[in-house]
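We did not get these values from a lab; they are worked out from the coordinates using the rules stated. From a predicted model like this one, the values you see are computed outputs, not experimental measurements. Here the Cβ is made from the backbone with ideal geometry for all residues, glycine too, and neighbour counts use every protein chain on show.
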Amino acid sequence: MDIQGRKLIKIATAGSVDDGKSTLIGRLLYDTKSLTTDKIEAIERNSKQRGYDYLDFSLATDGLVAEREQGITIDVAHIYFNTDKTNFIVADTPGHVEYTRNMVTGASTSQVAIILIDARKGVIEQTYRHFFIANLLRLSHVVVAINKMDLVDYSEETFLKIKSDFDQLVAKSDFDEDQITFIPVSALKGENVTKSSTHMPWYVGNTLLDHLEVLEPQDLEESTVARFPVQYVIRPKTEAYHDFRGFSGVLYGNSLKVGDRVTLLPSGNESTIKGIHFFDQEIEEAAPGSSVTITLTEEVDCSRGDMIVKSSELPQSEKMLSATICQVNSKGLRVGQKYILQHGVNRVLAKVDQIEAKVHADFSGAEASEELRLNDIGKVHFRLSKPIHFDSYSSHKSNGSFILIDESSYDTISVGFIN
Amino acid sequence: MSNLFIPNPKEAESIHILREVAAQFERPVLLFSGGKDSITLVRLAQKAFFPAKIPFPLLHVDTGHNFPETIEFRDKLVEELGLELIVRNVQDSIDQGKVREEKGRYASRNSLQTTTLLDAIEEFKFDACIGGARRDEEKARAKERVFSVRDDFGQWDEKNQRPELFDMLNGKIHVGQNVRVFPISNWTELDVWEYIRTENIEIPSIYFAHKREVFFRDGLIWTANEHVYREQHEEVVEKWVRFRTVGDMTCTAAVLSEATSLDDVVAEIRQSTLSERGARIDDKRSEAAMETRKKVGYF
């Protein structure tokens, strides 16, 4: 819940070139009155200048000069809108094959994916890839918006054909059927986006917006074990707080409360939670997602990168790691190379032991490969300089993911999902 | 359990980001304008490090054309919280011949701030500059990262940004580079106002409706003042106005308003059909105004 008591829903959008994704988002903004008069005027002015005979809502989201010139979206853009009940954050990601990394990036902070399909084209290779990533990142829900229904005479038959094609993908994924919803829309005409369509009486489900509002997305990490990576040690060294030594961080997975018996990693020392602080409040129990400061009953050695967990729920601690990697930089990943591995706020060195396979991002299997290039996904084995304390990604998102940082450029070059 | 603390996700995220700055950088600084967004940042930083003090100074790049109410407020806040404040003046950059004062009808020192800012970064060797920019403000900002790497010249390379996965922040940089950090990237204008109201955060009086001498130009309401160029036919009138965003006088237009309390302001924002930056004269120069300024090192 945010400060106003609204629900917060984070959505990643994925679509191919020209399937009207920006128009769909523009329509959502327009219909929820999230576009202000000056922005609408700018859109009208620009649409007219370009000689369009309709309002080009995509101009509301395409941010950079290069995009406006080429008429495409080239990076993740964040868009915000709200209804009375819900705040939405949309990570708008482009659909070109070379931009897989952008969808992975956008989806990593999202709970729901909207995958767009052009009703005239149906399920295409891009659709496979988008759904593959939604599955890899284990998003909570996928909404398949079948767009441009106005151009196929609002045909139920077309809709059902696309749905049945898509259902074959669902069968290959880890998703349950009830996590996937199909909605026929026309973003341009505003049909089934926020208002029910009069042209598609055969569709009895919710409009896209109504559907998004009733979703109760559960991040995988929200119902699992508590993990508290120590981010920063607070020592005020003032009169009033002379002996205060607090460990700050974000709590993931489950709640922690005063009196919980905890283990510190890597030392293995045990202690008990003495206090949980949020600013000037003393808290009895903190829910996951809290940015809090914890004090312990014993004076124990603990610094940034360490992890506090319940003594009864220890994670795996290993120097060998096997993970699914998505390469997000043009620099390739090769056997024998060394990287800085950042797991949460902890950094160790990692060496690539083996690239087991390059995975086809369309559910068609895998092949042997020497190297993972930009936008490749692969299964990789690492050896680490020190053990890290992790869970599998499928059981704990935040404690099961990491990034690789290139030692010379310091760029983030890969994201990993621990098997 | 009854005493379960449920976080506000946006506040928790911002605190996480501020702690990452303190942990990953040697010389961070908070860019403070005296506006509501940087005031919100100060409150979030208090929360992030309590009961310790905020472990970095504030930097104000003063154009010399700021509203006196903002400066007064700044000095009071710094004193009350025991913060360290560094002020660097655009006037000095002008006197040193590094930048030239704009002339004429739309003259503003807004874009001159960049030079003064980059000089200050070099002078103090700041490696992280925390700013209050939000992605909902403007479309070029919608693509900004939370940790945004700038080169030796302060430039933003929007096509070559580091992807940010989950909440893992990569602040590793080379000597000479610095990072612009935006902890409230994901907040909207309404989020900020509702937060200020809930937390009862004090803000400069110019955010509330007051009587002011103004004149009208290009459909915007300009402050009538010695620093703002005005032609003879542009008649000065007294109106009830307030400011939605606070830059300096030459680039911030007022809006007609009778909102004198935080409740009124929040209600007004909710109903408003004009965007926040719609009253920013600096953004009206062209469709790509913000992107162009960001590329050369603007906030």
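Going by how many other Cβ atoms sit within 10 Å of their own, how do A:Thr194, A:Thr13 line up, fewest first?
Final ranking by Cβ density, sparse to dense: A:Thr194, A:Thr13.
Which whole number of Å³ per residue matches the convex hull of the alpha-carbon atoms in segment B:98-176?
So the per-residue hull volume is 132 Å³.
Tell me the angle of helix A:21-31 to the major Cα principal axis of chain A, expressed in degrees between 0 and 90 and rounded to the nearest ten.
90 degrees
Taking every residue in B:152-165, how many Cβ atoms of other protein chains lie within 10 Å of its Cβ, on average?
5
Shielding by partners for B:49-61, please: the mean number of other protein chain Cβ atoms within 10 Å of each residue's Cβ.
Partner-chain Cβ atoms within 10 Å, mean over residues of B:49-61: 4.
Determine the equivalent ellipsoid of the protein assembly as shown by diagonalising the alpha-carbon gyration tensor, then write out the semi-axes as square roots of 5 times the eigenvalues, largest first, rounded to whole Å.
39, 35, 24
May I ask you to list the GluC sites (Glu not before Pro) in segment B:13-66 that are in a DSSP loop and have at most 14 other Cβ atoms within 10 Å of their Cβ?
B:Glu26
If you average the C-alpha positions of segment B:1-62 and of segment A:222-281 separately, how far apart do those two centres end up, in angstrom?
Segment B:1-62 and segment A:222-281 have Cα centres separated by 19 Å.
Can you list the GluC sites (Glu not before Pro) in segment A:350-405 that are in a DSSP coil and have 15 or fewer other beta carbons within 10 angstrom?
Hits after loop and neighbour filter: A:Glu370.
At a 10 Å Cβ-Cβ cut-off, how would you order A:Met307, A:Met103, fewest neighbours first?
By the 10 Å Cβ count, ascending, the order reads A:Met307, A:Met103.
Using only the Cα atoms of chain A, what semi-axes does the equivalent ellipsoid have when each is the square root of 5 times a gyration tensor eigenvalue? Give whole Å, largest first.
For chain A, the semi-axes come out at 41, 26, 20 Å.
Chain B: Rg/Rh from Cα coordinates, Kirkwood Rh?
Checking Rg against Rh, the ratio lands at 0.95.
Enter the Cα centre distance for the pair segment A:313-381 and segment B:143-162, rounded to the nearest angstrom.
Cα centres, segment A:313-381 to segment B:143-162: 26 Å.
With a 10 Å Cβ neighbour count serving as the proxy for reagent exposure, in which order, fewest first, do A:Asp92, A:Asp362 appear?
In order of increasing Cβ crowding within 10 Å: A:Asp362, A:Asp92.
Considering the dipole of the protein assembly as shown built from charges on the beta carbon (Lys and Arg +1, Asp and Glu -1) around the Cα centre, which of A:Cys326, B:Asn66, A:Thr83 is farthest to its positive end?
A:Cys326
May I ask for the net charge around A:Val359, where only other residues with Cβ less than 10 Å from the Cβ of A:Val359 are counted and Lys, Arg are +1 while Asp, Glu are -1?
Its environment carries a net charge of -2.
Take the alpha-carbon centre of segment A:160-186, take the same for segment B:190-227, and report the distance between them in whole Å.
50 Å
Report Rg (one decimal) and Dmax (nearest whole number) for segment B:197-249, counting Cα atoms only, units Å.
13.1, 45
What's log10 of I(q)/I(0) for segment A:183-238 at q = 0.14, 0.17 Å⁻¹, Debye sum over Cα points only, no solvent?
-0.58, -0.67
Based solely on its DSSP helices, what 222 nm [θ] is calculated for chain B when runs of n ≥ 4 H residues each add -39,500 (n - 2.57) and the sum is averaged over all residues, nearest 500 deg cm²/dmol?
Roughly -9000 deg cm²/dmol at 222 nm, from the helical runs in chain B.
Just add up the charged neighbours of A:Val233: K/R +1, D/E -1, any other residue whose Cβ is under 9 Å from the Cβ of A:Val233.
+3
Can you give the net charge of the other residues whose Cβ lies under 10 Å from the Cβ of B:Phe126, counting K and R as +1 and D and E as -1?
Result for the neighbourhood of B:Phe126: -2.
Across peptide B:38-47, how many C-beta atoms of other chains are within 10 Å of each residue C-beta, on average?
1
Please list, by residue number, every one of the GluC sites (Glu not before Pro) in segment B:189-255 that is coil in DSSP and has at most 16 other beta-carbon atoms within 10 Å.
B:Glu202, B:Glu226, B:Glu231, B:Glu234, B:Glu235
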